[in-house]
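Data first, discussion second: the structure below is written as structure tokens.
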Amino acid sequence: MSNPRLWLPLLVFAGLAAAPFLGLGQGHSLTLLARGMIFGLAAVSLMLLVGGAGLVSLGHAAMMGMGAYAVVVLDHAGMTEAWMVFPAGILAAALFALLTGAIAIRTSGVHFIMITLAFGQMAFFTTSSLALYGGDDGYTLFNRTEVFGARWLENRLVFHFVCLGLLVACWALVQVLLESRFGRVLRASRENETRARALGFSPYPYRLLAYVIAGAMGGLAGVLLANSAEFVAPAYLAWQRSGDLLFMVILGGLAGPHGALVGALAFVLVEEWLSHAMEHWRLVFGPLLILCVFFLRGGIVGLLRRG
Amino acid sequence: MRRVGEGGFVNTTLLLVQGLNGLQFGVLLFLVAAGLTLVFGVMDFINLAHGVQYMVGAYLGASLAALTGSFWLGLLLALPAALVFGLVLEFLVFRHLYDRDHLSQVLATFGVILFLNEGVKVVFGAAPMQMPVPDLLSGGVPLMDGLLYPTYRLAILAAGLATAALLWFLVERTRAGMLVRAGATNAPMVAALGVDIRRLFMLVFGFGAMLAGFAGVMAAPILSVEPGMGDNLLILAFVVIVIGGIGSVRGAFVAALLVGLVETIGRGLMPDLMRLFMDASSARQTGAALASMLVYIVMAAILAFRPAGLFPARA
């Protein structure tokens, strides 16, 4: 059990499962933990791109936005059934990822960062133009997604465990994908594209598939986020949010999906704590970010390995 | 004076005004993008914090002008102040990031943005600041019958073009400029030939910061000076340098004017165009969003066909 790749996430999941019974059961803290798990899910999916495929996407918030706006569109049409909402959100994001990824993956390096940013901005401006769904002001959901007519997700405890379950599933999926042949081709193309090609692998379809899978998971996170806040706004798709997601991945460390998981939780908790502790919390948060980049090269999980 | 760019029908006057506004926005973009593309080209350094240099320039200009009571003194003092500010940032943060990967650079400079956006809020307050238009440049110039175009906007256009010409001279006709171009093409080779590339970079960096600050001061009287004002401009400046080709000043100039025109004319015409399909209020909203998207569509199209931009510095 010396490999933090496995025991660390299990520890975190156990902690999250126990949290509601350790005096965190009521009020704000469960909402906060749900937020942490939702961003954890999104960060884990981004990790597949950044850590696995070496594709630094600065437009991942758009994937979450697709999922969230799928909830909005269905909610406006009076449909709140989980078996429709969840697949719709995931499919919308996957489709968006497929269309934009097909173009974006033709570029690499800095150009990839910029073109994903461009697509993210397009999605951002599209959502702010949807007058029917509140435009810039956003849209307040009538109610949370229902499961066969039952309002289970309104219960904080149930929602907590739904988020946890989906987080574990996505973490496991990314873990398995990275260890599989698919993941090894991705990593090989990242490390040395020429050699990967010489071995007969064209990186393009692998990268595109990774992009679509990550997008679908981002969409799932978006559906959960919409349900958690019961409100959706174009700000969910802002490029700063994509920057936050990237930071979560790096903060945790690129060694594996467990890094993204820890990074997202740490990010959400520190942000929450700082924003309550002081008005101008970004004055501390910004330099903290810089210091992390300077001194925390392997991320938080890098510290563990050394310790 | 007739209000410009507010709805109405499409005609030559409107197009002329939109075109001038677009060019004027384009030269502002160029001033920001020029520093960004050189820093990016020479040192392979992604500086997201370049947009806040523009914001800092605007704040320095507005507060110094208020302090001295003169626009010109404010402008004159803000330029060296922006230069010093840029060099301080370079010394404190950016210097330690040159040999790191792009991801680290993006994140650390993102931290600088968070800090400075909040910092100006603490120092100057969250409310927008105003900077008065100097008396010399107030009023308008009659362009055609019944159309007065603000003198100040024309002055921005002229100053921007003059700066672009100066920059062209510096980059194409001086020894330092030659080194900068050589650095953008192959930095390790330039270093191997005995040029102190770090010092060259500090020069480029300081100059870029000053240009962005200059753009900020000039924009201050026509835009509101507020926290976060650099963020959207930064993204557009990145679009500009990616379209133009990273490291190419010429490319940045062409792309900046293109982006400025597309953005402004799109913003002016799209709502009217949309009115053909929908009612007025949703046409305004959809049109504005479509106009904002137009630039990114142009960029995605250009990158899809020319992945290295229009004028790549590294052939």
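Each value in this text was obtained by applying a stated rule to the coordinates, not by laboratory testing. Just so it is clear, the structure is predicted and the values come from calculations on it, not from any experiment. Note that each Cβ is placed from the backbone with ideal geometry, even for glycine, and that neighbours are counted across all protein chains shown.
Less than 12 Å Cβ to Cβ from B:Gly22, Lys/Arg counted +1 and Asp/Glu -1: what total charge do the surrounding residues give?
Details: positive: B:Arg153, B:Arg267; negative: B:Glu263.
Neighbourhood net charge equals +1.
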Per-residue ellipticity at 222 nm attributable to helices in chain A (runs of n ≥ 4 DSSP H, -39500 (n - 2.57) apiece, nearest 500 deg cm²/dmol) works out to -24000 deg cm²/dmol
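Is the stretch A:120-199 rounded, prolate or oblate when judged by the Cα gyration tensor, a ≥ b ≥ c being the square roots of its eigenvalues, rounded requiring a/c under 1.5 and prolate requiring a/b larger than b/c? Before the final figure, lay out each step's value.
Details: a/c = 4.65, a/b = 1.57, b/c = 2.97.
Oblate, since a/c reaches 1.5 and b/c is not below a/b.
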Helix B:151-173: inclination vs chain B longest Cα principal axis, degrees, rounded to 10, gives 30
Round to a whole angstrom and tell me the spacing of the C-alpha centers of the stretch A:92-146 and the stretch A:191-205. 29
Computed over the stretch A:103-213, the relative contact order (Cα-Cα under 8 Å, seq sep at least six) in percent reads 15
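Please state the relative contact order of the stretch A:194-289 as a whole percent: Cα pairs under 8 Å, 6+ residues apart? Don't jump to the answer; show the numbers that get you there.
Working: 40 pairs, mean separation 10.6, N = 96.
Result for the stretch A:194-289 is 11 percent.
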How would you rank A:His258, A:His160, going from fewest to most other Cβ atoms within 10 Å of each one's own Cβ? A:His160, A:His258
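Can you pull the mean other chain C-beta count within 10 Å for peptide B:298-306?
Numbers: counts 1, 7, 9, 1, 0, 9, 6, 1, 0.
Mean shielding count: 4.
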Whole angstrom only: what separates the Cα centroid of the stretch B:281-315 from the Cα centroid of the stretch B:62-107? 29
Among A:Gly218, A:Gly40, A:Gly54, which one moves the most in a GNM of chain A with springs linking Cα atoms closer than 10 Å? A:Gly54
In Hz, Karplus ³J(HN,Hα) per residue of the stretch A:179-193 (6.51, -1.76, 1.60; θ = phi - 60°; x = Gly, Pro): 7, 6, 4, 3, x, 5, 5, 4, 5, 4, 5, 6, 5, 7, 5
Neighbour net charge for A:Val162 - beta-carbon separation under 14 angstrom, K R +1, D E -1: +2
Test of understanding: in a Gaussian network model of chain A with alpha carbons linked when under 10 Å, which of A:Phe247, A:Phe96, A:Phe295 would top the mean-square fluctuation ranking? A:Phe295
Only Cα pairs within less than 10 Å get springs; with that Gaussian network setup on chain A, which residue of A:Val12, A:Val44, A:Val85 has the largest fluctuation? A:Val12
Can you put B:Asp145, A:Asp136, B:Asp135 in order, fewest other beta carbons within 10 Å first? B:Asp145, B:Asp135, A:Asp136
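Can you order the peptides A:124-132, A:192-200 by their average number of other Cβ atoms within 10 Å per residue, highest first?
Numbers: A:124-132: 21.0, A:192-200: 11.6.
Highest-to-lowest ranking by the protection proxy: A:124-132, A:192-200.
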Just rank A:Ile38, B:Ile297, fewest to most, by other beta-carbon atoms within 10 angstrom. B:Ile297, A:Ile38
Let a ≥ b ≥ c be the square roots of the eigenvalues of the Cα gyration tensor of the stretch B:107-255; is it rounded (a/c under 1.5), or, if not, prolate (a/b larger than b/c) or oblate? oblate
Summing -39500 (n - 2.57) over every DSSP H run of at least 4 residues in chain B and dividing by its residue count gives a helix-only mean residue ellipticity at 222 nm, to the nearest 500 deg cm²/dmol, of -25500 deg cm²/dmol
Which of the three applies to the stretch B:103-183, rounded, prolate or oblate, going by the alpha-carbon gyration tensor with a ≥ b ≥ c and a/c under 1.5 meaning rounded? oblate
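Under the definition of Cα pairs under 8 Å and six or more residues apart, what whole-number percent is the relative contact order of the stretch B:127-273?
Details: 85 pairs, mean separation 31.4, N = 147.
Averaging sequence separation for qualifying contacts and normalising by length gives 21 percent for the stretch B:127-273.
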Round to the nearest 10 and give me the degree value, 0 to 90, for the angle of helix B:50-68's Cα axis relative to the longest principal axis of chain B. 70
The set of residues whose placed amide H lies less than 5 Å from the amide H of B:Tyr149, leaving out same-chain residues fewer than 5 positions away, is B:Val141, B:Leu143
